[in-house]
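Everything on this sheet refers to the single structure shown next.
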Amino acid sequence: MSAFAATASVLLSSRTTVSVAVALHMEGGVCALLSVICVYSRYLFLRPLKLVDAEAVGEALMDVILDMG
């Protein structure tokens, strides 16, 4: 079980909301979760992050955008 230390959320566009939750302890070296919610369909995309820096978040966000089409 992990406890989340901090979360940050931003409205990416009128269609999507992006949130990053940083955990105090998670298994497998994962320290955060990137969640993207499509406001229109309410579809949830989750990506585990081992680092919380601009490059890691950008790569995960690009992966989600490519999945969304």
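The values are calculated or read from the model by the stated rules, or taken from the named source; none is laboratory data. Since we're looking at a predicted model, the values are computed, not measured. Positions of Cβ are generated from backbone atoms using ideal geometry, with glycine treated the same way; all protein chains shown enter the neighbour counts. What goes into the accessible areas is simple: the full protein's heavy atoms, side chains included, and nothing from ligands, DNA or RNA. Shrake-Rupley method; radii C 1.70, N 1.55, O 1.52, S 1.80 Å.
Below is a table of values for the structure above.
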{"read-out": "Check on residue 29, out of contact with any strand residue (DSSP E or B) (no Cβ under 7 Å at 6 or more places or on another chain) and modelled with pLDDT under 80", "value": "yes"}
{"read-out": "Whichever residue in the range 43-61 is open to solvent by 70 Å² or more (accessible area, probe 1.4 Å) and closer than 14 Å to residue 19 by Cα and, among such residues, is modelled with the lowest pLDDT", "value": "52"}
